[in-house]
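The next block holds one structure in the form of structure tokens; read it before the comments.
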Amino acid sequence: MRNNSPWLHQLNKEREPSKLAQDIETDVAVVGGGIAGVASAFFILRDTDKKVALLEGGLLGHGATGHNAGQIVSFLSRPLHDLAKEFKPEMVREAQKMMEEDAWELLDTMYTEAGLDISLSRFTGHFGFASKEHLLSLLEDNVLRKSLGLRLKEILIAEQAEFLEEVGKKYGGFFKIAPHSEILDRLETKKPEFIVCVSEQKGVMNSALFTERVAEYLLEKYPERFAVYEHTHIAKAALHENSAILDAETHAVTAERVILCTNGFDNITIFNKSGLDIDARFHHSLHAVVGYMSGYLEELNKPPTAISYFYEGLTGDDSSGNPYVYLTRRMYEYNENKHNLISIGGPDVSLDDRRKYEKDHEYPEWAKDEINKFVKEIYDTDPNKKIDYIFTWHGLMGYTNNKLRLIGAEPKNPVLLYNLGCNGVGILPSIFGGERIARLVKGEKLPASIFDPRVERAPRDQ
Ligand SMILES: Cc1cc2nc3c(=O)[nH]c(=O)nc-3n(C[C@H](O)[C@H](O)[C@H](O)COP(=O)(O)OP(=O)(O)OC[C@H]3O[C@@H](n4cnc5c(N)ncnc54)[C@H](O)[C@@H]3O)c2cc1C
């Protein structure tokens, strides 16, 4: 089985990518043409008068942006009470508000200003849990949310959950009790193990199509200030005092600022004026995880949804540290007919070196089997129904050691800035990262954030 993503299927096949054909000078060079690169370019062009060149080694939107689940979610990759051990409370509050409020507004801004008409659905989606351990973590987060003035999450616990009385003593007021049937209905399953449900705003979109369309809009809106070069791999970046030179193999790009939006950047070598110090540190702070997904079509008779199941049934190597299966359902046009596309992800594998990732490697049979097992047990349980997974795909995620996206200027040389490190959830962080980067490029001094790149991360010293 090949790497066959439903999102790339919808891109403009007529588009003619242009490659860098001469040496160029620009104010800002954005390396990486996924959603993070395009969002960074969008806000820099909109909010400053800088010239921007977007340099993409392959094609726009063909990285993780074209191989994800397309689920728009507001959660950070670590529980808030865990982040509060490392960062000041106001920084945790700001980060969560950025995810829950600002990022959605910025997504709307991009969508509206670019005049897009692509499908973007918003609805109440769900998370299902089977274990007391997960529940306790959610409840601790709600306690912290209250003290930070954040909206409490709606946590429903099934009335017959055996630990209800015990958690009630400590966390009364931080959850609601509900009939088990209501929880299972929200999660669209009959699997009785799911006894806890959290419901909140989610959305779905094709982030590759979004990326491509926003780039097209930017090219039209800023013909003098914006250029896109695809099939233009940046092998080296040499950082100087107030500028950088990028080695695009046959040509060079000189820029005042460089924004790395590469999802991880093991395939680029960074020479700082003082040597390879930045390069070495970041090679150690990022690692790669390959996520596998399958999708099938069904009748268009249900509304869109996004549900995550925290479920111990996966046999992958659990690279993200918290196994869950994510399912989305959305309207999808295929062969000129409208269907619902059900896409499911969860199995993943760690790579010790991202250069080993081959984007065309065969989709493994074990991942397909695992996803099918999940579907049959939990979502589409009719034993007589044979499911034809017409899409099977995989993509590379860049994980940072502390599971937080890196957004901001390199402390050792601010000519270089980062908007990278998806940590499993990257659509909204890429967008608010882009806006934050634009403000830095503009010269604003921003309050410290949990996403700031740092030389050392001493506990509570941020
Ligand atoms: C299986 C899977 C499921 C996911 N599900 C979700 C989800 O449901 N919700 C969510 O929010 N997030 C999800 N994500 C994460 C999300 O897709 C990513 O965080 C987001 O798309 C990252 O965008 P990006 O622009 O940072 O990276 P990418 O889209 O990977 O873009 C980086 C680009 O940089 C280019 N590049 C790299 N090195 C160089 C170089 N040296 N020179 C030039 N170009 C270079 C690459 O070719 C690539 O196009 C998922 C990811 C995967 C893989």
Pair list, Cβ < 6 Å and 6+ apart or interchain, from the range 290-301 residues that are assigned to a strand (DSSP E or B) to residues that are among the polar types (S, T, N, Q) and more than 11 Å from the ligand (Cβ to nearest atom): Ser294/Thr392; Glu298/Asn340
Selection from the range 270-285 of residues that are closer than 19 Å to His240 by Cβ and in contact with an Asp or Glu (Cβ under 9 Å, 6 or more places away or on another chain): Ile270, Phe271, Asn272, Lys273, Ile278, Phe282
Qualifying residues in the range 29-53 (those that are at negative phi and in a loop (DSSP other than H, G, I, E, B)) - the one farthest from the ligand (Cβ to nearest atom): Asp49
Check on Ala280, more than 22 Å from Ser430 (Cα to Cα), surrounded by fewer than 23 Cβ atoms within 10 Å (Cβ to Cβ) and near the ligand (Cβ under 9 Å from one of its atoms): no
Whichever residue in the range 265-274 is more than 8 Å from the ligand (Cβ to nearest atom) and touching a residue at least 40 places away in the same chain (Cβ under 8 Å) and, among such residues, is surrounded by the fewest Cβ atoms within 10 Å (Cβ to Cβ): Ser274
Whichever residue in the range 201-225 is surrounded by 22 or more Cβ atoms within 10 Å (Cβ to Cβ) and touching a Lys or Arg at 6+ places or on another chain (Cβ under 8 Å) and, among such residues, is nearest to Ala53 (Cα to Cα): Glu212
Any pair with Cβ under 6 angstrom, 6 or more apart, that starts in the range 27-43 at a residue that is in contact (Cβ under 8 Å) with a residue 40 or more places away in the chain and ends at one that is in a helix (DSSP H, G or I) and near the ligand (Cβ under 6 Å from one of its atoms): Val30/Gly37; Gly34/Thr65; Ile35/Thr65; Ile35/Ser207; Ile35/Ser430; Ala36/Ser430; Ala39/Ser430
Contacts under 7 angstrom Cβ, first residue in the range 316-334 being within 23 Å of Thr124 (Cα to Cα), partner at pLDDT below 95 and acidic (Asp, Glu), 6 or more apart: Pro323/Glu312
Considering residues of the range 54-70 that are surrounded by 24 or more Cβ atoms within 10 Å (Cβ to Cβ) and over 18 Å from the mean Cα position of the chain (by Cα) only, the residue farthest from the ligand (Cβ to nearest atom): Leu54
Extreme residue, farthest from the chain's Cα centre (by Cα), among residues of the range 198-227 that are charged (D, E, K, R) and closer than 30 Å to Arg186 by Cα: Glu200
Checklist (1) of a type outside the set (Val, Ile, Thr); (2) over 13 Å from Phe210 (Cα atoms); (3) part of a loop (DSSP other than H, G, I, E, B) applied to His62, failing item: (2)
Extreme residue, nearest to the chain's Cα centre (by Cα), among residues of the range 166-191 that are closer than 28 Å to Met99 by Cβ and assigned to a loop (DSSP other than H, G, I, E, B): Glu188
Residue tally, condition part of a helix (DSSP H, G or I) and within 29 Å of Arg93 (Cβ to Cβ), over the range 148-165: 1
The range 217-250: number of residues that are of a type outside the set (Ser, Thr, Tyr) and away from the ligand (no atom under 13 Å from the Cβ): 16
Enumeration of residues in the range 352-411 that are under 15 Å from Ser294 (Cα atoms) and among the basic types (Lys, Arg): Lys368, Lys373, Lys376, Lys386
Given (1) surrounded by 16 or more Cβ atoms within 10 Å (Cβ to Cβ); (2) under 24 Å from the mean Cα position of the chain (by Cα), index of the condition Ile195 fails: (2)
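The values are calculated or read from the model by the stated rules, or taken from the named source; none is laboratory data. From a predicted model like this one, the values you see are computed outputs, not experimental measurements. Quick reminder, even Gly has a Cβ in these numbers, built from the backbone with ideal geometry, and neighbours come from all protein chains shown.
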